[in-house]
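Written below as structure tokens is the structure these notes are about.
Coordinate-derived values only; no laboratory data. Fair warning: this is a prediction, and the values are worked out from it, not measured in the lab. As a convention, Cβ positions derive from the backbone with ideal geometry for all residues, glycine included, and neighbour counts pool all protein chains shown.
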Amino acid sequence: MPCLNVSTNVNLEGVDTSAVLAEASSTVASVIGKPEAYVMVVLKGSVPMAFGGTQEPAAYGELVSIGGLNADVNKKLSAGIASILESKLSIPKDRFYIKFHDSKASKQTLFLVSTALVIHSWVFHQTSSCSTSHCDSAVC
């Protein structure tokens, strides 16, 4: 699941953040080649930040993905996100820095996801009555 986290010193009050989030989500999905249903975008504004010795509008981003990242993809993502920030938040492209992290899938990651699903299933069955109309689980 790709997750883009962007912090900026720009005040987001009065900004159509839905448009920023939608465009960033679409860009991440299309460039990485993963379904947008798995993309998460977080946008934080009014974060105290200095870049290049000034507090002019700037942004810092981190993108974490399980696979799908490489030098070419990172370059395209950096350019795409920088364009969105420039057009929507008036942050110059040269005042945006992004860090990429390709987190390889591991047994630990899969274990955590499986554990979360089991816990969710257990909680659901403890808090509601089970009927075959909503549950395909063999646990029922």
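Listed by chain and number, the aspartates and glutamates whose C-alpha is less than 19 Å from the C-alpha of LYS76, apart from same-chain residues fewer than 8 away, are GLU23, GLU36, GLU62, GLU86, ASP94, ASP102. Once backbone amide H atoms are built at 1.01 Å from N, ILE98 has GLY61 as its partners under 5 Å, excluding neighbours fewer than 5 places away on the same chain. Under 5 Å between amide hydrogens, built in the peptide plane, is the criterion, and for VAL10 it picks out SER46, VAL47, ALA58 among residues at least 5 positions away or on other chains. Counting neighbouring Cβ atoms within 10 Å and putting the fewest first, the residues ASP16, ASP102 line up as ASP16, ASP102.
Between ASP102 and LYS75, full extension at 0.36 nm per residue minus the direct alpha carbon distance yields a gain of 8.3 nm.
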